[in-house]
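**Student:** Input: one structure, supplied below.
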Amino acid sequence: MKKKTVLKDTTDKSPVQVIARAISILRSLEDQPSGLSLGEIAARVHLARSTVQRIVAALAAEKVLIAASPNGRVRLGPTILRLASSVPNDFATMARSYVQALSKKLGETVDIATIKGDHLVFVDQVVGPHRLKAVSAVGEAFPLHCTANGKAYLAQLDDSEVEKLLGRTFEKRTSNSITDLPTLLKELKTIRKSGVAFDREEHTVGICAVGVALRDPVGNPIAISVPVPEPRFRGREHFLAEQLLDMLRAVTAAIN
C-alpha cells in the first residue's frame, strides 16, 4: 500500500521563522485578485493548513489580508497599499546612497538616466570632486547608440527590438561613433556577456564612460553610468567597470 505524505503542523521554532512563513503566504497571493483558499495557500507555500490558518488569522487581524469571498478565500488587504504608498517610488531616491558611495570611491561623477524612446534622459547625478570632470545637466537627453548607459540598455533588448527602435544607421557624433546596425549588434553581444558597456569618446570628444542597466521595482528601464575625462579613463576602464558592476549587484539585491 502506498504511504501518503502528510504535512505536520509543527510548533513555530522562532519569531524569524514565523515572519518568513508570513512573507511566503503574502507572496503566494501576488497577482491573485480573486484570492486563494487556505488549502491553496498551504499547497503553494508547503505548510500544513492549520499553520497557514493561524498565520492568516493574525494577518487578517491587521487587515494585511482580507476576505475575498464568503467561503474562506483571502486576498491582500488595504494595509499593504498603505505600507506601499510610504515607500519611495522613484529609483533615484532608492539608489542615491549607493550612487554617492560609488562616486566617493571612484572620485568621479555618477549619473542615473531613464529611457525615453531612442534617447536616455538624465534624472539624477552625483558630481565628482575633480576640477576636470564630466557633467551632464539633469533633464538632458543623449542618444542610445553612442553612450555607455544607452548601449547597456540596448543590450537588454533582442536584436530585432534594437533595429525597430533605432533603424539601421545612426548619427555620427564623433569619429568613434558606431553608425550602422551590424557593428552595434556585434558590440551589444559582448555587452550582454559582460553586463557592462563602454563609451570611448563616441558621444563627446574627450569624454569616456562605463554604463550598466537594470529595471526598477516596477519594471521601468534605468541606466547608470560613470563618465570620465579621457586622460583619467585610460588604463582604469576595467576597474571602473568592476566597481560599477559591484554597485549594480548591491542595488539590485536591495530593491528586489
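**Student:** What distance in nm lies between label points placed 7 Å from Cα along the C-beta direction at Val205 and Glu30?
**Tutor:** Modelled inter-label distance: 5.0 nm.
**Student:** Using +1 on the beta carbon of Lys and Arg, -1 on that of Asp and Glu, and nothing else charged, what's the dipole of region 87-202 about the Cα centre, debye to 20?
**Tutor:** Values: 16 positive and 16 negative charges, 79 e Å.
Magnitude of the dipole: close to 380 debye.
**Student:** Here's another thing I want to ask about it. Would you list the P(r) distribution for the chain, with all Cα-Cα distances sorted into 5 Å bins from 0 and each bin expressed as a whole %?
**Tutor:** Each 5 Å bin holds this share of Cα pairs: 1, 6, 11, 14, 13, 10, 8, 7, 8, 8, 6, 4, 2, 1, 0, 0, 0.
**Student:** Moving to a separate point now. For the chain, find the longest principal axis of its Cα atoms and tell me its angle to the long axis of helix 49-61, 0 to 90°, nearest 10.
**Tutor:** 70 degrees
**Student:** What residue among Glu62, Glu163, Glu202 has the largest mean-square fluctuation in a Gaussian network model of the chain, using Cα springs under 10 Å?
**Tutor:** Glu62
**Student:** Springs between alpha-carbon atoms under 10 Å, Gaussian network over the chain: tell me which of Leu59, Leu214, Leu165 tops the mean-square fluctuations.
**Tutor:** Most flexible of the set in this elastic network: Leu59.
**Student:** Carbon-plus-sulfur fraction of the accessible area of region 140-234, 1.4 Å probe, in percent?
**Tutor:** Carbon and sulfur together cover 50 percent of it.
**Student:** On a full-extension model of 0.36 nm per residue, what is the gain between Thr169 and Lys193, subtracting their alpha-carbon distance, rounded to one decimal in nm?
**Tutor:** Stretched out fully, the Thr169 to Lys193 stretch lengthens by 6.2 nm.
**Student:** Moving on to the next point. Taking R0 as 45 Å, what's the FRET efficiency between Arg49 and Ala250 from their Cβ-Cβ distance, rounded to 0.05?
**Tutor:** Details: r = 39 Å, r/R0 = 0.87.
Working from the Cβ atoms, E equals 0.70.
**Student:** Only Cα pairs within less than 10 Å get springs; with that Gaussian network setup on the chain, which residue of Leu144, Leu166, Leu76 has the largest fluctuation?
**Tutor:** Most flexible of the set in this elastic network: Leu76.
**Student:** Quick one: helix 181-194 against the long Cα principal axis of the chain, what's the angle to the nearest 10°, folded into 0 to 90?
**Tutor:** The angle comes out at about 50 degrees.
**Student:** What is the extension gain from Arg234 to His119, computed as 0.36 nm multiplied by their sequence separation minus the C-alpha to C-alpha distance, in nm to one decimal? Display every interim value, and only then the final one.
**Tutor:** Values: separation 115, 0.36 × 115 = 41.40 nm, distance 2.65 nm.
Between Arg234 and His119, full extension yields an extra 38.8 nm.
**Student:** Still on this structure, please answer the following. Which trypsin sites (Lys or Arg not before Pro) from region 14-100 combine a DSSP loop assignment with at most 15 other Cβ atoms within 10 Å?
**Tutor:** Numbers: sites: Arg21, Arg27, Arg44, Arg49, Arg54, Lys63, Arg73, Arg75, Arg82, Arg96; in loops: Lys63, Arg73.
Filter output for region 14-100: Lys63.
**Student:** Now a separate question. How far apart, in nm, are two points set 7 Å out from the Cα along the Cα-to-Cβ line at Gln100 and at Ala141?
**Tutor:** Between Gln100 and Ala141, the simple spin-label model gives 3.1 nm.
**Student:** Sticking with this one: Based on Cβ point charges of +1 for Lys and Arg and -1 for Asp and Glu, what charge dipole magnitude is obtained for the chain about its Cα centre, in debye rounded to the nearest 20?
**Tutor:** Working: 35 positive and 27 negative charges, 271 e Å.
The calculation lands at about 1300 debye.
**Student:** Could you work out how far apart the two model spin labels at Glu62 and Asp158 are, taking each label as a point 7 Å from the Cα in the direction of the beta carbon, and quote it in nm?
**Tutor:** Between Glu62 and Asp158, the simple spin-label model gives 4.3 nm.
**Student:** Mind listing which trypsin sites (Lys or Arg not before Pro) in region 139-183 are in a DSSP loop and have 13 or fewer other Cβ atoms within 10 Å? Don't jump to the answer; show the numbers that get you there.
**Tutor:** Working: sites: Lys151, Lys164, Arg168, Lys172, Arg173; in loops: Arg168, Lys172, Arg173.
Sparse-neighbourhood loop trypsin sites (Lys or Arg not before Pro): Arg168, Lys172.
The values are calculated or read from the model by the stated rules, or taken from the named source; none is laboratory data. All of these numbers come straight from a predicted model, not from anything done at the bench. Cβ coordinates were reconstructed from backbone atoms using ideal geometry, including for glycine residues, and neighbour counts include every protein chain displayed. Calculation scope for accessible area: heavy atoms of the full protein, side chains included, ligands and nucleic acids excluded. Shrake-Rupley method; radii C 1.70, N 1.55, O 1.52, S 1.80 Å.
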